[in-house]
């Protein structure tokens, strides 16, 4: 979980405690019978998830007043309800409700019922990610006691100025990721009680030029609005309680970048993605409590200033997709003493030697740059390092001798030499190992069999000379194995006799451009899953999977391979004319089995299909960048 999200969650937790702390509240068993009956009727209006189908689970989020027995708080389990929330729902009979949280339930693209306006006692209304769409009813203006309103991540529309003008007691407002239109409600910037304010990702327009009068504001998110002018950051200098600021997608005035702004010293999180910044913002130097800084997708050139690494609390730094070329200061020390734990410098123009990484680094990404020289040996002294991605650079020398200490290692497309270190100890945490497109030799290290969590292994386009690694079948989680374009040789039939290739989870196998020999028994792939492989959080490091398909292919896809026989080829493995195959010399090309890919399913006597062609089109930069942006940079702290 990103630091920005942690900050948001902690802030919202504090707010919720302040807002919902009440007296005379007891558990659901203290509710009046008529109130309990109303709740049951409300539940029966929807399809209820099997994972939370009993009344006890439903009533766990119910609180009643211990004097009147009326329901005052309803916090339903997220994801339990599915159906349409109608205006005549039993919910709106609970007129004493003060706190209502229906977030993350699926209301099937329902319009927001106007009956919410009948719940005059509501102080907290949380309706995030419910699938609501359309115009927000004007009756929302009747909820004048509201202190917390959350409508984020729906498809709601309307003029916010008209909808919110009566809600003058708001402490927290989140209407992000909707389709609200009109001008940005200027009166909101004068609500002295407002502590959390999120208008981001709407169709709101207008200007922000007047200094804010929000003495208690802690979180401000205005990203991706239609601001009609370059924003001067100095208008935020009056927000002395501000700890979280996100202005992504808004063009910032260059003068404010280069000035010494009197920002609050409480600022912990600063997110300025796609703000058209061309020089490193100087005011950041004074933010001594800054923990999270994101300057990705800008136009910043030159060197990263040395003072940045001296910010005492900076733990997360994203500089992705800029035009940085180097670092100020000594490469031995400038980063090493920094408290940074997550560092992303990918997709820049860095060149020269790579600096010694921060001592407490956990996630280090610098792919798609022009770094040269050897990977610093100090990398192996970073005991917390979990993710290392230095792919698409010009590193030379040997692989680091500590690959087994990390969860994800991606060193693809460099000029690394030598063999893969045989250093994977029992219980190694390695899940992804990608050293493709280097100049590696030797054999696959047998200690890889100790990596029980290994999901993805790619050594393609190297000079590795070895037999087929049947011994990897011991890995229970291995899904992708790419050996393409090496010097692997010998039979592909299991050594213990004809039968299935017993890799329990394998879904993609790439062995083209090698020197394998042998036949394809009918049951070779019978235990393989035909499920398409879908990239997840770990697999975003490994490129574009062209997913396994169950389709027929012409025999020409396998023709011209001397040692290959069996379906779908016409050559029978049992004819008298079948040539004997000897293991070729390393430099020979004749008799080489050049599979394009293998992901075949056989039933009894039936060829269900086989996927041929390059099943794994690894590391297409345009795909990688797009997904990296979406999954790693824009997926920042949501409520």
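The values are calculated or read from the model by the stated rules, or taken from the named source; none is laboratory data. What you are looking at is a predicted structure, and each value in this text was computed from that prediction instead of being measured. Here the Cβ positions follow ideal geometry from the backbone for every residue, glycine too, while neighbour counts run over all protein chains shown.
Could you tell me whether the range 84-99 includes any residue that is closer than 19 Å to residue 142 by Cα, surrounded by 17 or more Cβ atoms within 10 Å (Cβ to Cβ) and under 30 Å from the mean Cα position of the chain (by Cα)? No: the range 84-99 contains no residue that is closer than 19 Å to residue 142 by Cα, surrounded by 17 or more Cβ atoms within 10 Å (Cβ to Cβ) and under 30 Å from the mean Cα position of the chain (by Cα). In this structure, is residue 503 crowded, with 16+ Cβ neighbours inside 10 Å, at pLDDT 60 or above and out of contact with any helix residue (DSSP H, G or I) (no Cβ under 8 Å at 6 or more places or on another chain)? No, not satisfied. Condition check: surrounded by 22 or more Cβ atoms within 10 Å (Cβ to Cβ) and out of contact with any helix residue (DSSP H, G or I) (no Cβ under 8 Å at 6 or more places or on another chain). Does residue 350 satisfy that? For residue 350, the condition - surrounded by 22 or more Cβ atoms within 10 Å (Cβ to Cβ) and out of contact with any helix residue (DSSP H, G or I) (no Cβ under 8 Å at 6 or more places or on another chain) - is met.
Would you point out the residue of the range 154-175, among those that are buried (at least 22 other Cβ atoms within 10 Å of the Cβ) and touching a residue at least 60 places away in the same chain (Cβ under 8 Å), that is farthest from residue 202 (Cα to Cα)? Per the stated criteria, the residue is 172.
Taking the range 362-374, which residues are in a loop (DSSP other than H, G, I, E, B) and over 24 Å from residue 298 (Cα atoms)? Within the range 362-374, just 362 meets the criteria. Would you list the strands (runs of 3 or more DSSP E) that sit entirely within the range 79-183 and hold 3 or more residues that are within 18 Å of residue 197 (Cβ to Cβ), at pLDDT 95 or above and touching a strand residue (DSSP E or B) at 6+ places or on another chain (Cβ under 6 Å)? In the range 79-183, the matching strands (runs of 3 or more DSSP E) lie at 124-126, 148-150, 172-174.
Report yes if residue 507 is touching a residue at least 40 places away in the same chain (Cβ under 8 Å) and more than 30 Å from residue 375 (Cα to Cα), otherwise no. Yes, satisfied. Given (1) more than 25 Å from residue 178 (Cβ to Cβ); (2) modelled with pLDDT of 90 or more; (3) surrounded by fewer than 22 Cβ atoms within 10 Å (Cβ to Cβ), identify the lone condition not met by residue 216. With (1) more than 25 Å from residue 178 (Cβ to Cβ); (2) modelled with pLDDT of 90 or more; (3) surrounded by fewer than 22 Cβ atoms within 10 Å (Cβ to Cβ) applied to residue 216, the lone miss is (1). Candidates in the range 293-347 are the residues that are in contact with a helix residue (DSSP H, G or I) (Cβ under 8 Å, 6 or more places away or on another chain) and in a strand (DSSP E or B); of these, the one that is nearest to residue 275 (Cα to Cα) is 294. Residue 281 - would you say it is crowded, with 22+ Cβ neighbours inside 10 Å, over 20 Å from residue 196 (Cα atoms) and touching a helix residue (DSSP H, G or I) at 6+ places or on another chain (Cβ under 9 Å)? Against the criterion (crowded, with 22+ Cβ neighbours inside 10 Å, over 20 Å from residue 196 (Cα atoms) and touching a helix residue (DSSP H, G or I) at 6+ places or on another chain (Cβ under 9 Å)), residue 281 qualifies.
Of all strands (runs of 3 or more DSSP E) completely enclosed by the range 406-498, which ones contain at least 3 residues that are more than 24 Å from the chain's Cα centre (by Cα)? Write out each step before concluding.
Values: elements: 408-410, 415-418, 432-434, 456-458, 480-482, 489-491.
The strands (runs of 3 or more DSSP E) meeting that bar are 415-418, 489-491.
Does residue 265 meet the test of being outside any strand (DSSP E or B), modelled with pLDDT of 90 or more and closer than 21 Å to residue 213 by Cα? No; evaluated as a whole, the condition is false for this residue. Out of the residues in the range 375-405 that are within 20 Å of residue 431 (Cα to Cα) and assigned to a strand (DSSP E or B), state the one that is nearest to the chain's Cα centre (by Cα). For the range 375-405, the residue satisfying everything is 387.
Evaluated against (1) free of Cβ contacts under 8 Å to residues at least 60 places away in the same chain; (2) surrounded by 22 or more Cβ atoms within 10 Å (Cβ to Cβ), residue 276 falls short on exactly one condition, (2).
Would the range 43-55 turn up any residue that is exposed (fewer than 15 other Cβ atoms within 10 Å of the Cβ), under 31 Å from the mean Cα position of the chain (by Cα) and not in a helix (DSSP H, G or I)? Within the range 43-55 (the criterion being exposed (fewer than 15 other Cβ atoms within 10 Å of the Cβ), under 31 Å from the mean Cα position of the chain (by Cα) and not in a helix (DSSP H, G or I)), the answer is yes, since at least one residue qualifies. Of all residues in the range 324-347, none that is touching a residue at least 40 places away in the same chain (Cβ under 8 Å) and on the phi > 0 side of the Ramachandran plot has its Cβ atom under 6 Å from the Cβ atom of a residue that is surrounded by fewer than 16 Cβ atoms within 10 Å (Cβ to Cβ) and part of a loop (DSSP other than H, G, I, E, B), 6 or more apart or on another chain. Candidates are the residues of the range 100-117 that are touching a helix residue (DSSP H, G or I) at 6+ places or on another chain (Cβ under 7 Å) and surrounded by fewer than 17 Cβ atoms within 10 Å (Cβ to Cβ); the one that is nearest to residue 141 (Cα to Cα) is 117. Only one of the numbered conditions (1) under 30 Å from residue 288 (Cβ atoms); (2) not in a loop (DSSP other than H, G, I, E, B) is violated by residue 187, and that is (1).
Quick grid of which residues meet (1) more than 23 Å from residue 494 (Cα to Cα); (2) crowded, with 20+ Cβ neighbours inside 10 Å:
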site	(1), (2)
422	yes, no
433	yes, yes
446	no, no
456	no, yes
462	yes, yes
465	no, no
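Hey, among the residues in the range 187-198 that are touching a strand residue (DSSP E or B) at 6+ places or on another chain (Cβ under 8 Å) and farther than 28 Å from residue 106 by Cβ, which one's surrounded by the fewest Cβ atoms within 10 Å (Cβ to Cβ)? Lay out the reasoning, then the answer.
Within the range 187-198, the first condition is being touching a strand residue (DSSP E or B) at 6+ places or on another chain (Cβ under 8 Å), and the residues that meet it are 188, 194-198.
Still in the running and farther than 28 Å from residue 106 by Cβ: 188, 194-195.
Numbers: 188: 20, 194: 25, 195: 24.
Checked the range 187-198; the qualifying residue surrounded by the fewest Cβ atoms within 10 Å (Cβ to Cβ) is 188.
Summed over the range 122-135, residues that are touching a residue at least 40 places away in the same chain (Cβ under 8 Å) and more than 31 Å from the chain's Cα centre (by Cα) total 1.
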